[in-house]
């Protein structure tokens, strides 16, 4: 009887871990069938019967109906991976599941969680260090390498890979390496559009009314980060003589602002809020194109491209010479009636590009855009952080490198390193499985071949099932994708393994 309490406590801990590990396995099972060149699609159906078919791991994770907290933790980390790098969420999910499953098995056998985590941290650090050392920097924008990376990330869609590479070459290496710039944000998929890359911006808005110009050449651009309407006055104040006088004063000021705009001889005005009816009438009569309710992010993009400086409406009281210095310019602004957007081309500011991805039907627009974003993210990650051998080769090479390091660890911490070694093999094992081959057999073939031939680029060709150096065919992966996938997987695994007890929180009553 003396041991009943400790045994019960151990059962509770094991129960919590088993529950969480099962939730992680369920999430991983939903995406692991999509990885690799032979990966298949997943169909997601909502309660209304709407169907989404996709091969994108992050989309599957985002759209899954998940309530389990451990599963939600994994999904949140995968989303963070997507936001940071834009690719590798499926790999991160598969490795997280492998780490947690193997870690749980060791815990059930009596290995302390703290020792597992010690060894796991060591193994992940060594793995990340080895991958970094194996990386090849991209000193120039090598079109062939970028095309292959875009093809792999873009699920072999050659037209999308071509668009992505064209855009990367157009914006240039320096822009791609900027911390805040994301090539994937330049993508727009449209039903009925033709594939195209051009130096300019697409604004998914139309002129305020049909009487405004459809096209402007050598356009002078005014950006108003505000509403273009008179300053408001309280209704109660209007009942007083002074209040009414103030109202009339504000109306006159607004008319002067409109006159100032006409004197600037602008061709395009973009505002992020409303336009007063008087302003619409005056500006339409003057032949000025006006677009309202433009998102702040779009205003910033147009400002960078055109060289314009966004202003508040009160800034229109400034001197004309000063205001002219705040205008932007573009070679042309064109309203595409068919597709319902504006093209702003040839701005005098920073270089930018738009990747217009055509789609034959509305059903495939979203998926085409997701594929293009994955390709663009992978290309940019490769430019910023270099490339490593693809097709699972670098993970196997890393596993081979860190496996002998277990001798450096004391006691049971070695088990933590062991689970990292096995987790590194899981992506290739799943790729092989999806291609219809025996993972155990093929993984051993790769391990033996890399060792015997001293070639760490060797992996399995999913078409033939043979061991080949796929890097010779240009099969490379962005280094940053691999590093962040390991980091994300390790964070999830450590968080789950450290959970000792699951307790339901009490509902928080709102405070009044």
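The values are calculated or read from the model by the stated rules, or taken from the named source; none is laboratory data. The structure presented is a predicted model; accordingly, all values stated were derived computationally and were not measured. Note that we place each Cβ from the backbone using ideal geometry, even for glycine, and neighbour counts take in every protein chain shown.
Any chance segment 143-154 includes a residue that's in contact with a helix residue (DSSP H, G or I) (Cβ under 7 Å, 6 or more places away or on another chain), surrounded by 22 or more Cβ atoms within 10 Å (Cβ to Cβ), assigned to a loop (DSSP other than H, G, I, E, B) and on the phi < 0 side of the Ramachandran plot? Among the residues of segment 143-154, at least one is in contact with a helix residue (DSSP H, G or I) (Cβ under 7 Å, 6 or more places away or on another chain), surrounded by 22 or more Cβ atoms within 10 Å (Cβ to Cβ), assigned to a loop (DSSP other than H, G, I, E, B) and on the phi < 0 side of the Ramachandran plot, which makes the answer yes. Among the residues of segment 328-365, which ones are free of Cβ contacts under 8 Å to residues at least 12 places away in the same chain and touching a strand residue (DSSP E or B) at 6+ places or on another chain (Cβ under 7 Å)? Scanning segment 328-365 gives a single hit, 336. State whether the residues of segment 66-73 include one that is under 27 Å from residue 409 (Cα atoms), surrounded by fewer than 22 Cβ atoms within 10 Å (Cβ to Cβ) and in the same structural domain as residue 434 (by TED's automatic domain parsing). Looking through segment 66-73, none of the residues is under 27 Å from residue 409 (Cα atoms), surrounded by fewer than 22 Cβ atoms within 10 Å (Cβ to Cβ) and in the same structural domain as residue 434 (by TED's automatic domain parsing).
Just give me the residues in segment 18-40 being touching a residue at least 40 places away in the same chain (Cβ under 8 Å) and more than 13 Å from residue 431 (Cα to Cα), in sequence order.
18, 19, 20, 21, 23, 24, 25, 26, 27, 28 - these are the residues of segment 18-40 that are touching a residue at least 40 places away in the same chain (Cβ under 8 Å) and more than 13 Å from residue 431 (Cα to Cα).
Taken over segment 100-113, residues that are in a helix (DSSP H, G or I) and either farther than 18 Å from residue 492 by Cβ or within 25 Å of the chain's Cα centre (by Cα) (or both) amount to 1. So is residue 39 touching a strand residue (DSSP E or B) at 6+ places or on another chain (Cβ under 9 Å) and modelled with pLDDT of 80 or more or not? Answer is no for this residue. For segment 127-141, the criterion of being surrounded by 15 or more Cβ atoms within 10 Å (Cβ to Cβ) and under 25 Å from residue 25 (Cβ atoms) is satisfied by at least one residue. Checked against (1) farther than 14 Å from residue 342 by Cβ; (2) surrounded by 15 or more Cβ atoms within 10 Å (Cβ to Cβ), residue 297 passes all but a single condition, namely (2).
I need the helices (runs of 4 or more DSSP H) fully contained in segment 263-360, keeping only those with at least 3 residues that are within 30 Å of residue 159 (Cβ to Cβ).
Values: elements: 277-285, 296-306, 320-324.
Those helices (runs of 4 or more DSSP H) span 296-306.
Could you check, for segment 141-154, whether at least one of its residues is outside the structural domain of residue 54 (by TED's automatic domain parsing), over 22 Å from the mean Cα position of the chain (by Cα) and touching a residue at least 60 places away in the same chain (Cβ under 8 Å)? Step through it out loud before you land on a result.
Of all residues in segment 141-154, those outside the structural domain of residue 54 (by TED's automatic domain parsing) come to 141-154.
In the following step, the residues that additionally are over 22 Å from the mean Cα position of the chain (by Cα) were identified as 142-144.
Next, from what is left, pick out any that are touching a residue at least 60 places away in the same chain (Cβ under 8 Å): 144.
Yes, because at least one residue in segment 141-154 is outside the structural domain of residue 54 (by TED's automatic domain parsing), over 22 Å from the mean Cα position of the chain (by Cα) and touching a residue at least 60 places away in the same chain (Cβ under 8 Å).
Failed condition for residue 365, given (1) under 26 Å from the mean Cα position of the chain (by Cα); (2) within 22 Å of residue 289 (Cα to Cα); (3) at pLDDT below 90, with all others met? Status for residue 365: all satisfied but (2).
Among the conditions (1) modelled with pLDDT under 95; (2) in contact with a helix residue (DSSP H, G or I) (Cβ under 7 Å, 6 or more places away or on another chain); (3) crowded, with 24+ Cβ neighbours inside 10 Å, the only one that residue 412 does not satisfy is (3).
Got a sec? Which of 164, 132 is in a helix (DSSP H, G or I), outside the structural domain of residue 416 (by TED's automatic domain parsing) and touching a residue at least 60 places away in the same chain (Cβ under 8 Å)? Let's see the steps before the verdict.
Numbers: 132 fails: outside the structural domain of residue 416 (by TED's automatic domain parsing).
From the options 164, 132, the qualifying one is 164.
Put simply, of 109, 121 the only residue that is surrounded by fewer than 23 Cβ atoms within 10 Å (Cβ to Cβ), free of Cβ contacts under 8 Å to residues at least 60 places away in the same chain, out of contact with any helix residue (DSSP H, G or I) (no Cβ under 6 Å at 6 or more places or on another chain) and over 27 Å from residue 33 (Cα atoms) is 109. Report yes if some residue within segment 439-457 is part of a strand (DSSP E or B), closer than 28 Å to residue 137 by Cα, within 30 Å of the chain's Cα centre (by Cα) and assigned by TED's automatic domain parsing to the domain that holds residue 35; otherwise report no. So far as segment 439-457 goes, no, none of its residues is part of a strand (DSSP E or B), closer than 28 Å to residue 137 by Cα, within 30 Å of the chain's Cα centre (by Cα) and assigned by TED's automatic domain parsing to the domain that holds residue 35. Is it fair to say residue 466 is surrounded by fewer than 19 Cβ atoms within 10 Å (Cβ to Cβ) and either more than 30 Å from the chain's Cα centre (by Cα) or within 26 Å of residue 383 (Cβ to Cβ) (or both)? Yes: the conditions hold for residue 466.
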